[in-house]
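Structure, as structure tokens:
The values are calculated or read from the model by the stated rules, or taken from the named source; none is laboratory data. Please read all numbers here as calculations on a predicted model, not as lab measurements. Methodologically, a virtual Cβ is constructed for each residue, glycine included, from the backbone with ideal geometry; neighbour enumeration extends over all protein chains shown. Just so you know, the surface numbers come from the protein's heavy atoms only, side chains and all, with ligands and any DNA or RNA stripped out. Shrake-Rupley method; radii C 1.70, N 1.55, O 1.52, S 1.80 Å.
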Amino acid sequence: MDLDTLYLIDQKDDLGLEFSKLVSMMNYTRYTTIEAVKTLTIEELDFLYDEEANSIGMLLAHLAAVEKAYQIITFENRDLTEEELSILLPGLDLGSLGREQIKGNSIDFYLEQLAATRKTTIETFKTLPDEWLYVQTPFWWNRPANNFFKWFHVFEDELSHRGQIRLIKKMLLKHKAEKSQG
């Protein structure tokens, strides 16, 4: 990621102007997410504050799963198949299924998932005209939404979960301090 242009919402190579704006925002969001997690250990990634909590690793898996789901929903203009849903479900829904299946992975594992998923997104964006962002289809509660909103939601979801990640890191520090005291 080019840090010299991180704070510029501007034209990006091989993308239309509207895609460039979207990718600029997605890049900043991803950069700040990575900065928040890049030094975490497996134990820290798997930390659960209580038995109903999501771990940071689960949230990172969620980010990749959401982006993969929106690739299918928008690029292929269809719902997920049962097979795709079964693969993505632990990351999409989190909860008990996520707690059972998403653990024991290094930060490199999650960062590679995020990078591979994002690479597919950007490569596909490069093949689409800016007008594609404004194509409307029925969405939540059968209301119209355009592809721009759907991809805004992908990085808006990441921003929200990055806030959770930061909170979990604070709880983890508190947990470590309490553990060392007694």
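Here are the numbers for this structure:
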item: Filter result for the condition that a residue is free of Cβ contacts under 8 Å to residues at least 40 places away in the same chain, at negative phi, open to solvent by less than 40 Å² (accessible area, probe 1.4 Å) and within 19 Å of the chain's Cα centre (by Cα), over 91, 57, 98; result: 91
item: Residue 173 on the phi < 0 side of the Ramachandran plot and open to solvent by 50 Å² or more (accessible area, probe 1.4 Å); result: yes
item: Top-ranked residue of the stretch 135-166 - restricted to ones that are under 17 Å from residue 76 (Cβ atoms) and of a type in the set (Val, Ile, Thr), ranked as surrounded by the fewest Cβ atoms within 10 Å (Cβ to Cβ); result: 137
item: All positions within the stretch 117-130 that are open to solvent by 50 Å² or more (accessible area, probe 1.4 Å) and either of a type in the set (Lys, Arg) or touching a residue at least 12 places away in the same chain (Cβ under 8 Å) (or both); result: 119, 120, 126, 129
item: Any pair with Cβ under 6 angstrom, 6 or more apart, that starts in the stretch 63-82 at a residue that is in contact (Cβ under 8 Å) with a residue 12 or more places away in the chain and closer than 21 Å to residue 33 by Cβ and ends at one that is open to solvent by 10 Å² or more (accessible area, probe 1.4 Å) and of a type in the set (D, E, K, R); result: 66/157
item: Pairs, first closer than 14 Å to residue 39 by Cα and touching a residue at least 60 places away in the same chain (Cβ under 8 Å) in the stretch 166-182, second open to solvent by 100 Å² or more (accessible area, probe 1.4 Å) and part of a helix (DSSP H, G or I), C-beta under 7 Å, six or more apart; result: none
item: From the options 137, 121, residue that is hydroxyl-bearing (Ser, Thr, Tyr) and within 24 Å of residue 59 (Cβ to Cβ); result: 121
item: Selection count, the stretch 1-39, where residues are part of a helix (DSSP H, G or I), touching a residue at least 40 places away in the same chain (Cβ under 8 Å) and not charged (D, E, K, R); result: 12
item: Residues being open to solvent by 40 Å² or more (accessible area, probe 1.4 Å) and under 19 Å from the mean Cα position of the chain (by Cα) - total across the stretch 5-26; result: 2
item: Some residue of the stretch 72-81 being open to solvent by less than 40 Å² (accessible area, probe 1.4 Å) and at pLDDT below 95; result: no
